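Visitor: The structure's right below; bear with me while I get my questions together.
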Number of protein chains: 2
Amino acid sequence: MTARARGASSWPSPADFAGPPPPAQLAEWEALDRVARPARLRRLRARFGEAGVDAYFGVRPEHMRYLTGFRLGSGEDKVAGQSGQFLVGGEEVVVLADSRYTIQAGREAPESRLFEVYHDLPSRWTELVASVGARRVAVEAAFVPHSVWRALESAAAEVELVPVEGWVEADRATKEPAELERIGAACAVADRALAALLPRIRPGATELELAMALEWEMRTSGAEALAFDVACLSGAQAALPHGAPRDQPIAAGEVLLFDFGAQVAGYRSDMTRTLFVGEPAERDLDVYRLVARSQRAAIQLLEARLAEGAALPTGREADAAARSVIDEDGRWPAYGHGLGHGIGLATHEAPSLGRSAAAVAELPSRTVFSVEPGIYLEGEMGVRIEDLVAIDATAGRLERLTRFPSTPIVVGR
Amino acid sequence: MTARARGASSWPSPADFAGPPPPAQLAEWEALDRVARPARLRRLRARFGEAGVDAYFGVRPEHMRYLTGFRLGSGEDKVAGQSGQFLVGGEEVVVLADSRYTIQAGREAPESRLFEVYHDLPSRWTELVASVGARRVAVEAAFVPHSVWRALESAAAEVELVPVEGWVEADRATKEPAELERIGAACAVADRALAALLPRIRPGATELELAMALEWEMRTSGAEALAFDVACLSGAQAALPHGAPRDQPIAAGEVLLFDFGAQVAGYRSDMTRTLFVGEPAERDLDVYRLVARSQRAAIQLLEARLAEGAALPTGREADAAARSVIDEDGRWPAYGHGLGHGIGLATHEAPSLGRSAAAVAELPSRTVFSVEPGIYLEGEMGVRIEDLVAIDATAGRLERLTRFPSTPIVVGR
C-alpha cells in the first residue's frame, strides 16, 4: 500500500526524528575525540616499522581533524597555506600553522606541538623533520602536489620521502562509537529536513527552489554544513547518474529524486529518496518496488551473516545480492554505479561496495556505508533509494541510521 | 557626517544596485567565452616554444572552465575523477570525462575532443598524448598529486613530463571585458544583499544568523554560489584576520564586520564592510576614518598614474600608499596582511598587492583586484574596508566595481 493510498497524514513528520544535538552533546563528542586520538595515532605508528619510516607527513584535511583535532572548513585548504598540515613522529605530533591559524591550532590541537610556517615549508623542512628525530618520512603522495614533493626533496638530501597512500583512510573505515553517533545525528538532520519539505512540494516549484529549501531546512536545523550540494532531479533528469538541480518546474506524474546529506560535528550523512509528484504511473511504482526489494536483499544478507556470527560479506557480495534481484527480475537494467560507499569525515570513503570492490576483503567492523541501488530508464525516469547502515560484528547487529521510511511517497496532490 | 547622523533613511537600499543578470545576459556571456577561448589557447600555446613542450596537461578546475568551457562545481573536483582534466596540443584540445560527465562535456566544451577515461588515465596516457602528436608535456605540477605524476611517468617512458606553474594563472590576471562584467554583476549581488540585510540587524542576533541571512539574500537574488563562506565578526572578534561566525549575539556598541562575496556565471566578488551596532565610540569612528583614508590613498595613486598615462604602480607601491597613511598617523598599527588580491574565477588570484609582491612587476591591464586595508586592535575591535576596483590603462580609467558606500553606517538602533 502506498502512502498515497493511506493519505497524506501518513507522511513522516519532522517530529519523528531526533532533534539537533545540544551543545553539551557537541562538547562530549569533542572530548571523546581527544580521548580517541592516542589510539588513532598508535594505529598509524604501527605501520611505521614495516614501511621503514620514522614519521608521517599528512596534508589531507580529514586526516588533520582525525589525528590532531585541527579543523579546516570545506574548501579552506585552498587558502590555508600549510596550516593544519602535520608531522607524526614516533613520540609527538607537530601541527603547522601560519599566523592566521596559530590561535585556532592551539585550541583545537592541544596535544600537538605548534610549528609556525608561512609559505616557506621547504626552507624549514630539515628543521621540522629533525625536530621529531626522523630521517625517512612517509608522505601522503595522493594529496601532496608534485611541485611540493620536489621542493621538499631538494630541500633536504638527508631526508628520504616515502610515498604512501591509504594508511589513514584504511584506519578511518573502522568507526568509533562516537563517530557513528555523529553520523546518526547527521542522518536525523537530513531525515527531519525532508519530512519538513514534503508538504511544501507542489507542481510548478523548480528543482532549484526545492534544493535550496531542503538545504535551508538542514542548515537551520542542526547541520553545520552540507555533506555535498543537494541534488533535486525530476522526471527524466532522475535517470542521470550526475546532475545539478535546474531552474525548471517539476510536473505532476513525474518522479522527484533528492540526494542529499548533512554535516554534524564534522561527520556526514548521505541519503536518497525518490518521491512521486501526483498520481504515480503503475510502471513507475513497479520500478520503485523493485529497487526497494533490491535494497532489502543486500541488508538481509548483512543481517543474516551478522546473526550467524559468520564472516561478513565482501562489498562485492553485498552489491551482488542487491544487483541480482534486479537482474533476475529482468524487466529493467540494474544501476551502473556501485551499491554503496563508506562515509564519515568524508562523504565517500572506505569501504567500497561494488562490482569492482576487492573480491576477498570482507567488510570491516564497526563501519558504516550507504546501500543505494537504483534503476535508471534514460529519457524517462529513474529511482534510487539510499540509506546509511552501520554494522557491528561483535554485537551481531546492523542499524539503519537513515530512519526516513522507504515506502513510496506521493507529494503535491 | 555619519549615516547615523543622517538617519536610517540614508542607508543604501537594494534598489540602488543592479539586479541579477537576466537569462539572455548569461547566454551572451557564455557565447563571449566561446569566442574568447581561441585567443586564450593561443596565449597558452605561445609558451610552448620557449619551454620546449608540445602539449599542456591541466587539472585545475578554473583552467578547465577558462580554456575548455567545462565546469565543475565547488569541491566537485574531489569526486569527478579525471573528468574535466584536459590536454592542449598544438592543434586541438582534448577533454577527459567518465560516463557521468560525457553529456556535460559535450555540451560545455563543444570545441574540444572528448576522451572517455575512468580512473585509468595512466594506462591510457600514451594513447592520449600520442593522439595530439606530443612527446614533451607541460604539466600543472602545483595541482597534480605526486602519486599521479609518478604513475604517468611510469606509464610512458617515451613521454617527458615538464613541471610548469603559473602559466594560465598569469594569463588569467588580464581580464576580458566580459569577465569584468561578470565580476561587476557579482559585486552588485553582494552590494544588494548587504543593503537588504541592514534593517534586519539588531543587537541579540547571532553572528551565525546574520551570516546565514546574508548568504540567503545573495543566493536567492542572483548568486549561483558564494565566492567563499560569509565571515560575520563582531566586537573583538573583528580583530581576527581569520574567523568563522559564532553562535553568539552581537551587542550594541560593537563593530560588526562582514567579509563576503557572490559568484555569478563563474566569476566572483569579494567585499568587506565594518558596521557600527548602535552608538559608535569616538575612537572606533576614528579608526574607521583612518582605514577609509588609507584605502583612498591607494585608489588615488592608481587614478593619478592612469590619468597621466604613466606606468602603473606595482602591487607593492599600491600597498605602500595605503599602509603609509596608517603608519604616518601613528595611533594604531597597520594591517598585517596584504592590501589586496586579484579575483575572477578564483577568489584569490594574480595580481598580488602587498609588501612581499614583486618590486618591479607593475600591475597588468585590464585587471581587477581588491583594495582592503584594515586596522586590528587585538582583544578590542577591528575595521576593514574592502572594495574591488578594475583598472584599464588604455582607457586611462579606474572603476570601483563595489558600489556599496564606504561611509560609516550605524545599524540596530
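The values are calculated or read from the model by the stated rules, or taken from the named source; none is laboratory data. Remember, predicted model here, so these are calculated numbers, not experimental data. We place every Cβ from the backbone using ideal geometry, glycine too, and count neighbours over all the protein chains shown. Heads up: the accessible areas ignore ligands, DNA and RNA and are worked out on the full protein's heavy atoms, side chains in. Shrake-Rupley method; radii C 1.70, N 1.55, O 1.52, S 1.80 Å.
Visitor: Go through the range A:87-111 and give me each residue that's surrounded by fewer than 24 Cβ atoms within 10 Å (Cβ to Cβ) and either touching a Ser or Thr at 6+ places or on another chain (Cβ under 6 Å) or polar (S, T, N, Q) (or both).
Guide: Of everything in the range A:87-111, those that are surrounded by fewer than 24 Cβ atoms within 10 Å (Cβ to Cβ) and either touching a Ser or Thr at 6+ places or on another chain (Cβ under 6 Å) or polar (S, T, N, Q) (or both) turn out to be A:93, A:98, A:99, A:102, A:104.
Visitor: Can you name every residue in the range A:234-249 that is within 11 Å of chain B (Cβ to nearest Cβ), open to solvent by 30 Å² or more (accessible area, probe 1.4 Å) and either free of Cβ contacts under 8 Å to residues at least 24 places away in the same chain or over 21 Å from residue B:77 (Cβ atoms) (or both)?
Guide: A:242, A:244, A:247
Visitor: Another question, if that's okay. Kindly check whether there is at least one residue in the range A:38-46 that is free of Cβ contacts under 8 Å to residues at least 12 places away in the same chain and within 18 Å of residue A:344 (Cβ to Cβ).
Guide: Yes, that holds for at least one residue.
Visitor: Which condition does residue A:33 not pass, out of (1) open to solvent by 30 Å² or more (accessible area, probe 1.4 Å); (2) more than 24 Å from residue A:145 (Cβ to Cβ); (3) among the acidic types (Asp, Glu); (4) touching a residue at least 12 places away in the same chain (Cβ under 8 Å), if it passes all the others?
Guide: (1) is the only condition that residue A:33 fails.
Visitor: Test residue B:318 against the stated conditions and say whether it is of a type outside the set (Lys, Arg) and not in a loop (DSSP other than H, G, I, E, B).
Guide: For residue B:318, the condition - of a type outside the set (Lys, Arg) and not in a loop (DSSP other than H, G, I, E, B) - is met.
Visitor: Starting from the range A:173-191, keep only residues that are among the polar types (S, T, N, Q), then list their pairs with residues that are open to solvent by 10 Å² or more (accessible area, probe 1.4 Å) whose Cβ atoms are within a distance under 7 Å, requiring at least 6 positions of separation or different chains.
Guide: Partner pairs satisfying both residue conditions: A:174/A:364; A:174/A:366.
Visitor: Looking only at the range A:380-413, count how many residues are assigned to a strand (DSSP E or B) and not acidic (Asp, Glu).
Guide: 13
Visitor: Among the listed residues A:334, A:346, identify the single one that is in contact with an Asp or Glu (Cβ under 7 Å, 6 or more places away or on another chain), open to solvent by less than 20 Å² (accessible area, probe 1.4 Å), part of a loop (DSSP other than H, G, I, E, B) and among the aliphatic types (A, V, I, L, M).
Guide: So the residue among A:334, A:346 that is in contact with an Asp or Glu (Cβ under 7 Å, 6 or more places away or on another chain), open to solvent by less than 20 Å² (accessible area, probe 1.4 Å), part of a loop (DSSP other than H, G, I, E, B) and among the aliphatic types (A, V, I, L, M) is A:346.
Visitor: Looking at the range A:124-157 only, could you name the residues that are out of contact with any helix residue (DSSP H, G or I) (no Cβ under 8 Å at 6 or more places or on another chain) and of a type in the set (S, T, N, Q)?
Guide: A:131, A:147
Visitor: Looking for whichever is closer than 23 Å to residue B:224 by Cβ and either open to solvent by 30 Å² or more (accessible area, probe 1.4 Å) or touching a residue at least 24 places away in the same chain (Cβ under 8 Å) (or both) here; the options are B:74, B:83. Which one fits?
Guide: B:74
Visitor: Also, quick follow-up: Among A:303, A:328, which is the only one that is of a type in the set (D, E, K, R) and touching a strand residue (DSSP E or B) at 6+ places or on another chain (Cβ under 7 Å)?
Guide: Testing whether each residue is of a type in the set (D, E, K, R) and touching a strand residue (DSSP E or B) at 6+ places or on another chain (Cβ under 7 Å) leaves just A:303.
Rundown of residues vs (1) within 9 Å of chain A (Cβ to nearest Cβ); (2) open to solvent by 40 Å² or more (accessible area, probe 1.4 Å); (3) within 33 Å of the chain's Cα centre (by Cα), yes/no style:
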| site | (1), (2), (3) |
| --- | --- |
| B:115 | no, no, yes |
| B:121 | no, no, yes |
| B:133 | no, yes, no |
| B:147 | yes, no, yes |
| B:153 | no, yes, no |
| B:156 | no, no, no |
| B:171 | no, no, yes |
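Visitor: In the set B:289, B:293, B:323, B:305, which member is within 25 Å of residue B:228 (Cβ to Cβ), open to solvent by 10 Å² or more (accessible area, probe 1.4 Å), modelled with pLDDT of 95 or more and in a helix (DSSP H, G or I)?
Guide: Criteria check complete, one pass: B:323.
Visitor: Failed condition for residue A:125, given (1) over 11 Å from residue A:70 (Cα atoms); (2) touching a Phe, Trp or Tyr at 6+ places or on another chain (Cβ under 9 Å); (3) among the aromatic types (Phe, Trp, Tyr), with all others met?
Guide: (2)
Visitor: Out of curiosity, is residue A:204 open to solvent by 10 Å² or more (accessible area, probe 1.4 Å), over 21 Å from residue A:369 (Cα atoms), within 14 Å of chain B (Cβ to nearest Cβ) and in contact (Cβ under 8 Å) with a residue 40 or more places away in the chain?
Guide: The answer is no for residue A:204.
Visitor: Considering each residue of the range A:85-113, count those that are of a type outside the set (A, V, I, L, M) and within 11 Å of another protein chain (Cβ to nearest Cβ), and give that number.
Guide: The total comes to 6.
Visitor: In the set B:231, B:223, B:265, B:252, which member is out of contact with any strand residue (DSSP E or B) (no Cβ under 7 Å at 6 or more places or on another chain) and either buried (at least 19 other Cβ atoms within 10 Å of the Cβ) or of a type outside the set (Val, Ile, Thr) (or both)?
Guide: Result: B:265 is the single residue among B:231, B:223, B:265, B:252 that is out of contact with any strand residue (DSSP E or B) (no Cβ under 7 Å at 6 or more places or on another chain) and either buried (at least 19 other Cβ atoms within 10 Å of the Cβ) or of a type outside the set (Val, Ile, Thr) (or both).
Visitor: Oh, and also: Restricting the search to the range B:271-283, which residues are open to solvent by less than 10 Å² (accessible area, probe 1.4 Å) and not in a strand (DSSP E or B)?
Guide: B:278
Visitor: Additional query: Evaluate the range B:178-186: report whether one residue or more is closer than 19 Å to residue B:40 by Cβ, at pLDDT 95 or above, open to solvent by 40 Å² or more (accessible area, probe 1.4 Å) and away from chain A (no Cβ under 13 Å).
Guide: Yes, the range B:178-186 contains at least one residue that is closer than 19 Å to residue B:40 by Cβ, at pLDDT 95 or above, open to solvent by 40 Å² or more (accessible area, probe 1.4 Å) and away from chain A (no Cβ under 13 Å).
Visitor: Does any residue in the range A:328-348 that is assigned by TED's automatic domain parsing to the domain that holds residue A:180 come within less than 6 Å, Cβ to Cβ, of a residue that is open to solvent by 60 Å² or more (accessible area, probe 1.4 Å) and among the hydroxyl-bearing types (Ser, Thr, Tyr) six or more places away or on a different chain, and which pairs are these?
Guide: From residues that are assigned by TED's automatic domain parsing to the domain that holds residue A:180, the pairs are A:341/A:352.
Visitor: Looking at B:62, B:28, B:91 in this structure, which one is farther than 18 Å from residue B:116 by Cβ and touching a strand residue (DSSP E or B) at 6+ places or on another chain (Cβ under 9 Å)?
Guide: B:62
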